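Asks: Below you'll find the structure I mean.
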2 protein chains.
Amino acid sequence: MGRSGEARDRETAGRGTAQDGGELELQQYFPYRLARLAEQVSLAVAEVYSERFALTRQEWRVLAILGVRPEIATKEIGPLTTLDKMQVSRAVQGLESRGIASRKHHAGDRRELIVALTPAGRALYRKIVPFALAREAELLGVLTAEEAKVLDRVMHKLSAALS
Amino acid sequence: MGRSGEARDRETAGRGTAQDGGELELQQYFPYRLARLAEQVSLAVAEVYSERFALTRQEWRVLAILGVRPEIATKEIGPLTTLDKMQVSRAVQGLESRGIASRKHHAGDRRELIVALTPAGRALYRKIVPFALAREAELLGVLTAEEAKVLDRVMHKLSAALS
DNA sequence: CGAAATTGGTATCAGATGTTACTATTTTCT
DNA sequence: AGAAAATAGTAACATCTGATACCAATTTCG
């Protein structure tokens, strides 16, 4: 199961994160701690797009994609945002209903829908992004450069181990 | 906002995690990556308690607490599990309805409910915990001891910065 | 070609979740 | 003491989310 090549002794993942005998201390349990942290972070970021701009988490993700890819087939959005097709459908509808995005059928294949930001949507995007980036910077700012580097690597490793 | 004392240069949290100009690349955006990872981990762990033992995430958390604190007022459960009082109420009801936990009114204050595991509940707990711990060990096993240590510290730092 | 299978997207319904308001009990304060 | 406020827990409703089935357009293949 995806062992990394590095040299590791017996104690390995032990100190500070893993558990001992047959007891499970929820507060120390890594999956719980991670879920909790992610929720905190998610909430902090949601202040930006939800409270200030009334977007759902899914809409925000789609918007983030549209900001970079000015025109995209909705079927491509799912993989990029980790949303299933129903969530994408709803998010895009939500954006459209508020004049943020527009949909049109693909000429070649009329099943597909192509989404793009409206001018208003683009303006919204440009307004939100700085706040979102600021939040991220604020957060990562509490870490040293070294810690940030390790964190990045660790997240990649864990993610890879799970796929 | 909670600057750590370490010496850090301009690049700081940059390399590998943070963003540049006014563009936001969702795939690289830390809050998104974290949410995604947490979801993956959560799913992997849910296999243990959900698929194998038909518990919801909330019930699992309450069970984990009850395994350590054999008798506890439900009002204490919320803070320990990061669930709101309604979630606790439902989770405990769920556990009770399946003979895993039992409730009784506190003698001194008859508003409070005291929850405890039934013998069947305790047996279930003992059956699940090893699997849950194994999952955790498997995951953390892909990290070096050093990485695990940094990860632990980083999670504490981030969590603290957000509270 | 044309029936069958596939694909993109959505309607629809069921179950989960969040919110508000309410009951019961206890505490506080005059 | 006893009215008012606070606390623990839940009912009830509204909303969100997930799963299934479905429609329309396209592709595959006999």
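Asks: Which residue, of B:Arg103, B:Arg52, B:Arg69, is within 16 Å of DNA strand D (Cβ to nearest atom) and more than 13 Å from every other protein chain (Cβ to nearest Cβ)? Walk me through how you get there before you give the answer.
Replies: Values: B:Arg52 fails: within 16 Å of DNA strand D (Cβ to nearest atom); B:Arg69 fails: more than 13 Å from every other protein chain (Cβ to nearest Cβ).
Exactly one residue qualifies, and that residue is B:Arg103.
Asks: Could I ask something else about it? Condition first: at the interface with chain B (Cβ under 7 Å from one of its Cβ atoms) and open to solvent by 30 Å² or more (accessible area, probe 1.4 Å). Now tell me which residues in segment A:22-32 satisfy that.
Replies: Selection gives A:Gly22, A:Glu23, A:Glu25.
Asks: Could you list, in sequence order, all residues of segment A:72-91 that are within 11 Å of DNA strand D (Cβ to nearest atom), more than 12 Å from chain B (Cβ to nearest Cβ) and touching a helix residue (DSSP H, G or I) at 6+ places or on another chain (Cβ under 6 Å)?
Replies: A:Lys85, A:Gln87, A:Val88, A:Ala91
Asks: So which strands (runs of 3 or more DSSP E) stay within segment A:47-163 end to end and still have 2 or more residues that are touching a Ser or Thr at 6+ places or on another chain (Cβ under 9 Å)? Lay out the reasoning, then the answer.
Replies: Values: elements: A:71-73, A:101-105, A:113-117.
Those strands (runs of 3 or more DSSP E) span A:101-105, A:113-117.
Asks: Right, here's the next one. Which condition number does B:Arg57 fail, the rest of (1) over 20 Å from A:Phe30 (Cβ atoms); (2) open to solvent by 60 Å² or more (accessible area, probe 1.4 Å); (3) within 14 Å of DNA strand C (Cβ to nearest atom) being met?
Replies: (1)
Asks: Quick one: is A:Ala116 closer than 17 Å to A:Leu63 by Cβ, more than 10 Å from chain B (Cβ to nearest Cβ) and away from DNA strand D (no atom under 16 Å from the Cβ)? If you could, list the steps in order and put the result at the bottom.
Replies: Working: closer than 17 Å to A:Leu63 by Cβ: yes; more than 10 Å from chain B (Cβ to nearest Cβ): yes; away from DNA strand D (no atom under 16 Å from the Cβ): yes.
Yes; evaluated as a whole, the condition is true for this residue.
Asks: A further question on this structure: In the list B:Ala148, B:Ala134, which residue meets the criterion of being of a type in the set (A, V, I, L, M, F, W, C), away from DNA strand D (no atom under 13 Å from the Cβ) and open to solvent by 40 Å² or more (accessible area, probe 1.4 Å)? Show your work before the answer.
Replies: Details: B:Ala148 fails: open to solvent by 40 Å² or more (accessible area, probe 1.4 Å).
Among B:Ala148, B:Ala134, only B:Ala134 is of a type in the set (A, V, I, L, M, F, W, C), away from DNA strand D (no atom under 13 Å from the Cβ) and open to solvent by 40 Å² or more (accessible area, probe 1.4 Å).
Asks: Still on this structure, I have one more. Would you check if A:Leu43 is under 14 Å from the mean Cα position of the chain (by Cα), within 13 Å of chain B (Cβ to nearest Cβ), within 16 Å of DNA strand D (Cβ to nearest atom) and in contact (Cβ under 8 Å) with a residue 24 or more places away in the chain? Walk me through how you get there before you give the answer.
Replies: Values: under 14 Å from the mean Cα position of the chain (by Cα): yes; within 13 Å of chain B (Cβ to nearest Cβ): yes; within 16 Å of DNA strand D (Cβ to nearest atom): yes; in contact (Cβ under 8 Å) with a residue 24 or more places away in the chain: no.
Taking the combined requirement at face value, the residue does not satisfy it.
Asks: Scan A:Arg126, A:Arg90 and give me the residue that is open to solvent by 60 Å² or more (accessible area, probe 1.4 Å) and under 18 Å from the mean Cα position of the chain (by Cα). Steps first, answer last, please.
Replies: Numbers: A:Arg126 fails: under 18 Å from the mean Cα position of the chain (by Cα).
None of the others qualify; the one that does is A:Arg90.
Asks: Take the residues in segment B:75-87 that are open to solvent by 90 Å² or more (accessible area, probe 1.4 Å) and among the charged types (D, E, K, R), then tell me which one is nearest to DNA strand C (Cβ to nearest atom).
Replies: Result: B:Lys85.
The values are calculated or read from the model by the stated rules, or taken from the named source; none is laboratory data. All values reported here derive from a predicted model rather than from experimental measurement. With ideal geometry, Cβ positions are generated from the backbone for all residues, glycine too; neighbour counts draw on all protein chains shown. Keep in mind that these areas ignore ligands, DNA and RNA; they rest on the heavy atoms of the full protein, side chains included. Shrake-Rupley method; radii C 1.70, N 1.55, O 1.52, S 1.80 Å.
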